[in-house]
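Here the structure comes first, spelled out in structure tokens, and everything after it is commentary.
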Amino acid sequence: IEGWTFQQLRAALMADPTLDGDLDAVSDAELMDGLGMPGMHPEGWFFPDTYFHTRGHDRLRVLERAHARMQTELESAWQRRQGDLPFDTRYEGLILASMIERETGLDGERRKVAGVLVRRLREGMRLQTDPTVIYGMGDAYQGRIRRSDLRRDTPYNTYTRYGLTPTPIAMPGRDALRAAFDPDEGEALYFVSRGDGSHHFSATLDEHNAAVRRYILGER
């Protein structure tokens, strides 16, 4: 599923009784080494999709197929990229796509979210995305983020650190990948959840603060 972490993918594969093979016996490092990517973190490198198989199919073979698909989809998005992006590699685009995937599930918002994050990178602003904080919290995350969590520095806390996170934070789907390399051309630098799955986008801090008061604090 789009937005799952690699650990969620591992757990889902192990829980499927129609598959065979013990993934628990293979470390992340061994897995990536076997895929020809020694030293790489596995997060984000497996494409979320429906994969058909026969009963007894090996779980490692499913991961190999998902990894090959991600390489294909990533290369396709890279070939369609805009010419003035504030990052230089496919992997950085994959990291950005994972943030986009976790920020919104709406088709019409992915390029808008991408546009905000890309403009923030260009302006030298912190990205300040909650999903990165959650990823950095690991098992300590229990369903809510406190102010202290936003201030607690981790390699994934984009409230305390500038730039992209060191690795992806989830598995991005095709639309999020394409959005990362072809972001919206608008002027928004901020967005806040409306509470219904959609977001309000703002070009100025004053407008954003007003939106926060309305949608988060309940003021009119």
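The values are calculated or read from the model by the stated rules, or taken from the named source; none is laboratory data. Bear in mind the structure is a predicted one, so any value in this text is a computation, not a measurement. Note: ideal-geometry Cβ built from the backbone for every residue, glycine included; neighbour counts use all protein chains shown. All accessible areas refer to the heavy atoms of the entire protein, side chains included, with ligands and DNA or RNA removed. Shrake-Rupley method; radii C 1.70, N 1.55, O 1.52, S 1.80 Å.
Miscellaneous remarks
- Within the range 18-39, residues that are farther than 21 Å from R55 by Cβ and open to solvent by less than 60 Å² (accessible area, probe 1.4 Å) have Cβ atoms under 9 Å from residues that are among the aromatic types (F, W, Y) and assigned to a loop (DSSP other than H, G, I, E, B) in these pairs: M32/W45; L35/W45; M37/W45, counting only partners at least 6 apart in sequence or on another chain.
- Segments classed as helices (runs of 4 or more DSSP H), wholly inside the range 1-101, with at least 2 members that are of a type in the set (V, I, T): 59-79
- Single condition S148 does not satisfy, out of (1) in contact (Cβ under 8 Å) with a residue 12 or more places away in the chain; (2) surrounded by fewer than 18 Cβ atoms within 10 Å (Cβ to Cβ): (1)
- Test set (1) at pLDDT below 95; (2) surrounded by fewer than 21 Cβ atoms within 10 Å (Cβ to Cβ) - F191 fails condition number: (2)
- Selection within the range 71-101 - free of Cβ contacts under 8 Å to residues at least 40 places away in the same chain and closer than 28 Å to M14 by Cα: Q71, T72, Y91
- Whichever residue in the range 102-143 is of a type in the set (D, E, K, R), touching a residue at least 60 places away in the same chain (Cβ under 8 Å) and open to solvent by 40 Å² or more (accessible area, probe 1.4 Å) and, among such residues, is farthest from G163 (Cα to Cα): D107
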